[in-house]
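The values are calculated or read from the model by the stated rules, or taken from the named source; none is laboratory data. Predicted model, so just to flag it, every value in this text is computed and none were measured. We place every Cβ from the backbone using ideal geometry, glycine too, and count neighbours over all the protein chains shown.
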Amino acid sequence: MPSYLRETVFVLNVEPYREHDAWITAYGKNTGKIHAIARGVRKIGAKQIGHLEPLSFAEVMLAKGKAYDHIAVARALGPVLKSRNRLGALVVLKAFSEAVDRLTQPGAADPSIFSFIAEVVRTWEGIEQEPSAQRGQYALMAAILRLLDLLGIAPPMDECVLCRATLREDAWMMPRQGSLACSSCIRARRSEFSSAYPITGDARRVLAWSANASYQQALSVRVQTGVLNQVCEVIQDCLHHAPMQGTFRGHEYLSVLS
């Protein structure tokens, strides 16, 4: 007899499987990321149809199996999210969901990540204005930076990774290491870190602030275009250096905002 577990989840992705089934990837409040099959969910008139939509919260009854888990029962929590009907919010949330999927491992429960997912969704539910391509990119990168921090793999944004000195003004990003360094260390070891590039004090301060601010606060930042672009570039390099499953392509969704 399979054991059952009741869980509240956020659905990250749904993939068709066989004729009427679907593979569900979700992040659970108490169980972390799960992969499970929902039997018959794609049949016309199925009881669970509409209850396991991507980018939605649901309460599920999870049947633990030897080879893979099954979702025995699912019930959508609350009405359909308004943000799913707005292009800007939809692409940012879809890209962020892919980042969560790529960066987390099944079975590694972390309630703080589930809480942050809910925070990101809640923030976009309250945003009416469509973001520009640049603001959409920053919104995604700010969410990813916080996610990296919660996972314990974000580099310090106020400390040189080489000498541990506090970064006060300008700094350098080392894309191959995914970390920041001070100007003194880079000048002394320029040949070793030839791919490093300078970032301004304003960009570094935005990075340090965004890593610790609430998501809503992070989206309220107002800085020059060049600073915002540099912030996004640094976070992208941090993401490329992070351990993940597969290749992250979430940023490609943002091309529709151009």
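Listed values, structure above:
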item: Candidates Leu77, Leu12, Leu81, filtered to the one that is modelled with pLDDT under 90, out of contact with any Pro (no Cβ under 6 Å at 6 or more places or on another chain), buried (at least 19 other Cβ atoms within 10 Å of the Cβ) and within 25 Å of Leu140 (Cβ to Cβ); result: Leu81
item: Among the candidates Lys66, Lys94, Lys82, residue that is without any contact (Cβ under 8 Å) to a residue 12 or more places away in the chain and either farther than 20 Å from Arg222 by Cβ or not assigned by TED's automatic domain parsing to the domain that holds Glu252 (or both); result: Lys66
item: Top-ranked residue in the stretch 116-164 [being touching a helix residue (DSSP H, G or I) at 6+ places or on another chain (Cβ under 9 Å) and among the small types (Gly, Ala, Ser); ranked as nearest to Ala99 (Cα to Cα)]; result: Ala143
item: Candidates Ala143, Ala165, Ala154 - the one that is without any contact (Cβ under 8 Å) to a residue 40 or more places away in the chain and on the phi < 0 side of the Ramachandran plot; result: Ala165
item: Qualifying positions in the stretch 166-176 - in contact with a Leu (Cβ under 9 Å, 6 or more places away or on another chain) and either of a type outside the set (Gly, Ala, Ser) or over 14 Å from Gln230 (Cα atoms) (or both); result: Leu167, Trp172, Met173, Met174
item: Test set (1) modelled with pLDDT of 90 or more; (2) more than 21 Å from the chain's Cα centre (by Cα) - Arg222 fails condition number; result: (1)
item: Residue ranges of helices (runs of 4 or more DSSP H) in the stretch 160-258 with at least 3 members assigned by TED's automatic domain parsing to the domain that holds Leu93; result: 201-210, 215-219, 225-241
